[in-house]
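A quick write-up on the structure given underneath.
Bear in mind that the values in this text are calculations on the coordinates, not laboratory data. Owing to the predicted nature of the structure, the values given are computational and were not obtained by experimental measurement. Neighbour counts are summed over all protein chains in view; Cβ atoms, including those assigned to glycine, are modelled from backbone coordinates with ideal geometry.
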Amino acid sequence: MSDKVYKDAIQHKYELFTSDELMELNSIKGIDSDARDKLIFSCLPLAYSIATRFYSNNKYIEVDDFVQQANLALLRAVDKWEPSKGGTLNTLATYVITNELINMLGRNSYQVNLKLNISQAAMR
């Protein structure tokens, strides 16, 4: 799926909830899968935004890879979120997604092969 198509799709499913509505959805997410889905969809644009920021600094990894990892991290954040401990879902999601993408970069230690310039070729 192209980047623009995905962005349009998540904007279509995005819903803005008040903090009370989020807490109510969180309280029934274990019972009602639609409530969990609504929580996830409410944060998808955030996950996409963080993933594209990482992509802009790391062009050697596809944006789809960043988006996929961000979405998986978002699922974990929604499952972990407990409003009684303080903090919002967006705060937790930002933290979990950012850390997951940093860990992804560290785990994968990509090698970028650049062409040698004349002085580097002479050193070989």
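Annotations for the structure displayed:
- Here the Kirkwood formula, the inverse mean of 1/r across different C-alpha pairs, assigns region 57-108 a hydrodynamic radius of 11.6 Å.
- Residues in region 63-101 reached by a label modelled at Ser19 [backbone nitrogen below 17 Å; 7 Å Cα→Cβ]: 81-94
- Charge tally in the Cβ shell below 12 Å around Trp81, where Lys, Arg are +1 and Asp, Glu are -1, Trp81 excluded: +3
- Gyration tensor analysis over the Cα atoms of region 20-112 returns equivalent ellipsoid semi-axes of 28, 12, 10 Å (largest first, whole Å).
- Region 27-80: trypsin sites (Lys or Arg not before Pro) in DSSP coil with no more than 10 other Cβ atoms inside 10 Å: Lys59
- Order by protection proxy (mean Cβ within 10 Å, highest first), peptides 39-46, 17-24, 88-95: 39-46, 88-95, 17-24
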